[in-house]
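Visitor: The structure that follows is given in the form of structure tokens.
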Amino acid sequence: MRGIAKASEVSPKTLYNLFSSKDELLAAALEDLVGIVQESMGNYSDLRGIDYILTKRKISSEAIMRSPGFANVIITLFFKAKPGDRLVSALLGGVEQEMVEQLQFEKDEGSIAADLDLAKVSAHLTAQTWGGLLLWDKGLISLDQLGDEIRRSFLLTFVGITSGKKKNKLLQELIGMGNRE
């Protein structure tokens with residue numbers, strides 16, 4: 001808490017007056033961030049499925065770019081956290097289930113194979129997100145590359161599990177990303 005107070009340029013006492021613990025402080029900060037992302041997603045209420053997932057990841061990446069210091073703290077604490085910690089629940093709580101719901105939309109539309117385990121795909125996408133964040137945290141990719149790197153990894157997964165027009169659209173975007181570099 002002292003480190004957070006120092007970085008925030010407030011006294012530890014002020015911080016403890018507002019938040020009784022580091023977990024409470026981080027949970028409040030994460031709730032704010034999740035609220036900002038969800039509010040931004042309100043502008044895309046017509047999106048469903050893979051388009052929704054990709055847009056939400058883009059908005060999340062933009063939020064990280066606006067406050068990379070906060071993101072660094074969260075990443076560091078997340079990787080130190082134990083299963084069941086409040087921080088782990090706050091970060092992963094509804095993310096995978098929301099992805100499963102969006103992937104189910106694609107399955108219902110016939111874009112994804114009927115026998116595909118959507119929970120496993122969702123867990124894989126979550127791992128890709130955190131893998132990208134870890135690469136950034138360790139200096140292997142720049143902050144400017146983070147959003148594209150996560151998007152590219154998602155597109156690679158989606159191209160592998162989709163068919164028809166959806167697959168062609170995603171493949172074209174993936175190829176376009178390679179041509180921009």
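Visitor: Counting only residues 5 or more places away or on other chains, whose amide H sits under 5 Å from the amide H of ILE112 once H atoms are built in the peptide plane?
Guide: Result for ILE112 returns LYS107.
Visitor: So how compact is the range 43-112: Cα radius of gyration and Dmax in angstrom?
Guide: Here Rg and the maximum Cα pair distance are 14.7, 41 Å.
Visitor: Looking at GLY131, GLY94, PHE105, which one has the Cα that reaches farthest to the positive end of the dipole of the range 73-181 (charges on Cβ: Lys, Arg +1; Asp, Glu -1)?
Guide: With unit charges placed on the Cβ atoms, the residue in question is GLY131.
Visitor: Pairs of alpha-carbon atoms within less than 8 angstrom and 6+ residues apart define the contacts here; what relative contact order does the chain have, in percent?
Guide: 20 percent.
Visitor: Based on the alpha-carbon gyration tensor of the chain and its eigenvalue square roots a ≥ b ≥ c, which shape applies: rounded if a/c is under 1.5, prolate if not and a/b is larger than b/c, or oblate?
Guide: Prolate, because a/c is 1.5 or more and a/b exceeds b/c.
Visitor: Right, something else. Compute the Cα gyration tensor for the range 96-181, then decide on rounded, prolate or oblate, letting a ≥ b ≥ c be the square roots of its eigenvalues: rounded whenever a/c is under 1.5, prolate when a/b is larger than b/c in the other cases, and oblate in all that remain. Can you show the working numbers first?
Guide: On the way: a/c = 3.18, a/b = 1.43, b/c = 2.22.
Verdict is oblate for the range 96-181.
Visitor: At 1.4 Å probe size, with every protein chain present, just tell me what the per residue accessible area of the chain comes to in Å². Show your work: numbers first, answer last.
Guide: Details: 10420 Å² over 181 residues.
Per-residue accessible area for the chain comes out at 58 Å².
Visitor: Helix 164-180: angle to the longest alpha-carbon principal axis of the chain, degrees 0 to 90, nearest 10?
Guide: 60
Visitor: Work through the residues other than SER61 whose Cβ is under 13 Å from its Cβ and net out their charges, Lys, Arg +1 and Asp, Glu -1.
Guide: Local net charge: +2.
Visitor: Within 12 Å, Cβ to Cβ, of ALA29, how many net charges do the neighbouring residues add up to if Lys/Arg are +1 and Asp/Glu are -1?
Guide: Within the 12 Å Cβ shell, the charges total -3.
Visitor: Let me ask something else about it. Give me the angle, in degrees from 0 to 90, between the Cα long axis of helix 68-80 and the longest principal axis of the Cα atoms of the chain, rounded to the nearest 10.
Guide: Its long axis makes an angle of about 90 degrees.
Visitor: Considering only protein heavy atoms and a 1.4 Å probe, what is the carbon-and-sulfur percentage of the accessible area of the range 1-124? All intermediate terms of the calculation are to be shown ahead of the outcome.
Guide: Numbers: 3920 of 7370 Å².
Heavy-atom surface of the range 1-124 belonging to carbon and sulfur, 1.4 Å probe: 53 percent.
Visitor: Could you count how many Lys pairs in the range 1-110 have their Cα atoms under 30 Å apart, skipping same-chain pairs fewer than 8 positions apart?
Guide: Summing the qualifying lysine pairs gives 16.
Visitor: Let me check something: with ligands and nucleic acids excluded, how do LYS165, LYS56 order by accessible area (1.4 Å probe), largest to smallest?
Guide: From most exposed to least exposed: LYS165, LYS56.
The values are calculated or read from the model by the stated rules, or taken from the named source; none is laboratory data. Quantities reported herein were computed from a predicted structural model and do not represent experimental measurements. Cβ sites come from the backbone with ideal geometry, for glycine too, and all protein chains shown count toward neighbours. Each accessible area value is taken on the protein alone, full model and side chains, heavy atoms only, with ligands, DNA and RNA left out. Shrake-Rupley method; radii C 1.70, N 1.55, O 1.52, S 1.80 Å.
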